[in-house]
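To start, the structure under review is shown below, and the notes come after it.
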Amino acid sequence: MTTPALAYIEGGSGDEETLRDNLDAWRRLALQPRVLRDMTQVETATTLLGTAVGAPVGLAPTAMHCLVDPDGETATARAAAETGTLMVASQAANRSWQDTAAAATDVLLWAQMYVLRDRGLTRELAVRAKESGSRAIVVCVDGVAVPRRARLEGHAFVPPEGMAFPNLVSAAAAASANGRGVDLGAAVSAFDPSVTFADLTWLKECTGLPLVVKGVLHPHDAAACVDAGADAIAVSNHGGRQLDGCIATADVLGEIADAVGDRAEVYVDGGIRTGPDVVKALALGARAAFVGRPALRALADGSAAGLAAYLADLREDVRRTLAFCGCASPAEVRREHVRPRGPR
Ligand SMILES: Cc1cc2nc3c(=O)[nH]c(=O)nc-3n(C[C@H](O)[C@H](O)[C@H](O)COP(=O)(O)O)c2cc1C
């Protein structure tokens, strides 16, 4: 991988305060286990918007998997299918939602989208995601400005020549250019900064698929998204890549879960690295936690097999953490299992 590509993946925005705090915030929490509860059978499986998955862990949407593997998102999909993991496929992917869905039987896919200035194209792409087999639309709402990426200064990351962004172009444009040659900068400037809650209702109506709103960090916003029709809220600060200095997801997850109650599912990403991190997230009210950079590293290291091994290992870490906590399944994890860590 080139230095700029690695910096693009690993880095965050600004001084990377939020990037670091996402990791630290999980460490500021401690699990408080319960014992003597017969842990002979411990199940990691759960459901996300009604679909069965092997563990309360999913693959967060990340752009351009061809940077780390020549097969791109189709390799990711093979690993996801093999391990029963939900994959959220990015709108800035290098393989189309259709090809990603076709890469492995029974892969569970959701499509991540932005609301574009061109609402006709937004609708066309949402419908295409649905027709490709995506079972939900994940709309990312934290893209209203362009972040400053400190690590990239002086050696700006430019996607390799000819890199394809098939989920960002209309069928007509794809037919003429074969989905290639789309300038990522132009695509990013196509994201509509005027987006509001009313657009959520509109976007949901475009496909009728369940709608997940990703990038929520305030409990009032979470409640308003649910009022506008969201079926799930993904608590996320984009892995510290957008607003630097904003709150770590672990610090706001509990409040958001309380604000949403049982009206919608709540997910979280940002700094999730271990089974204990996942179980802390469940204790704070998340139904699942998602990983971004660790999955890209695993894919870079060992392609689909490497990613599948990583996901199996993380699932096993969740299983042993559940057992140690006295929880026979994700549903048994409660707020009482987590508390602020005491002073060191
Ligand atoms: C290289 C990279 C690309 C990303 N691309 C997208 C994207 O296209 N769409 C999106 O909604 N989120 C994107 N994200 C954010 C992730 O979905 C997720 O919020 C974040 O990676 C979670 O933090 P973690 O990397 O600490 O696990 C990206 C993150 C990374 C690291």
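Summary table
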quantity: Area accessible to solvent at residue 128, 1.4 Å probe radius, in Å²; calculated: 50 Å²
quantity: The stretch 276-344 - Rg and Dmax from Cα coordinates, angstrom; calculated: 14.0, 42
quantity: Environment charge of residue 8, counting only residues whose C-beta is closer than 14 Å and scoring Lys/Arg +1, Asp/Glu -1; calculated: +3
quantity: GNM flexibility winner over the chain from 253, 125, 184 (Cα, springs under 10 Å); calculated: 184
quantity: Heavy atoms of residue 204 accessible to a 1.4 Å probe, total area in Å² rounded to 10; calculated: 50 Å²
quantity: The stretch 225-300-the stretch 306-344 distance, computed between alpha-carbon centres (Å); calculated: 15 Å
quantity: The stretch 3-336, relative contact order [Cα under 8 Å, separation at least 6], %; calculated: 26 percent
quantity: Cα centroid separation, the stretch 114-163 to the stretch 1-34 (Å); calculated: 22 Å
quantity: Mean ellipticity per residue at 222 nm, deg cm²/dmol - from DSSP H runs of n ≥ 4 across the chain, formula -39500 (n - 2.57); calculated: -12000 deg cm²/dmol
quantity: Cβ-placed point charges (K, R +1; D, E -1), dipole of the stretch 3-336 about Cα centre in debye, nearest 20; calculated: 240 debye
quantity: Summed residue charge, Cβ within 12 Å of residue 45's Cβ, Lys/Arg positive, Asp/Glu negative; calculated: +1
quantity: Net charge of Cβ neighbours under 11 Å - reference residue 239; Lys, Arg +1; Asp, Glu -1; calculated: -2
quantity: Where the Cα pairs of the chain fall when distances are cut into 20 Å bins, in %; calculated: 32, 61, 7, 0
quantity: The stretch 137-220: projected area of the alpha-carbon convex hull, averaged over directions, in nm²; calculated: 7.6 nm²
quantity: Lysines with Cα under 30 Å of residue 130, excluding same-chain neighbours fewer than 8 positions away; calculated: 204, 214
quantity: Unit charges on C-beta of K, R, D, E only; dipole of the stretch 171-273, Debye; calculated: 420 debye
quantity: Span-rule helices in the chain, defined as complete DSSP H runs reaching 30 Å or more along the axis (Cα) with Kyte mean at least -1.0; calculated: 293-325
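The values are calculated or read from the model by the stated rules, or taken from the named source; none is laboratory data. The model shown is predicted, which means the values in this text are computed figures rather than measured ones. Note that each Cβ is placed from the backbone with ideal geometry, even for glycine, and that neighbours are counted across all protein chains shown. Surface accessibility is based on the protein's heavy atoms, side chains included, excluding ligands, DNA and RNA. Shrake-Rupley method; radii C 1.70, N 1.55, O 1.52, S 1.80 Å.
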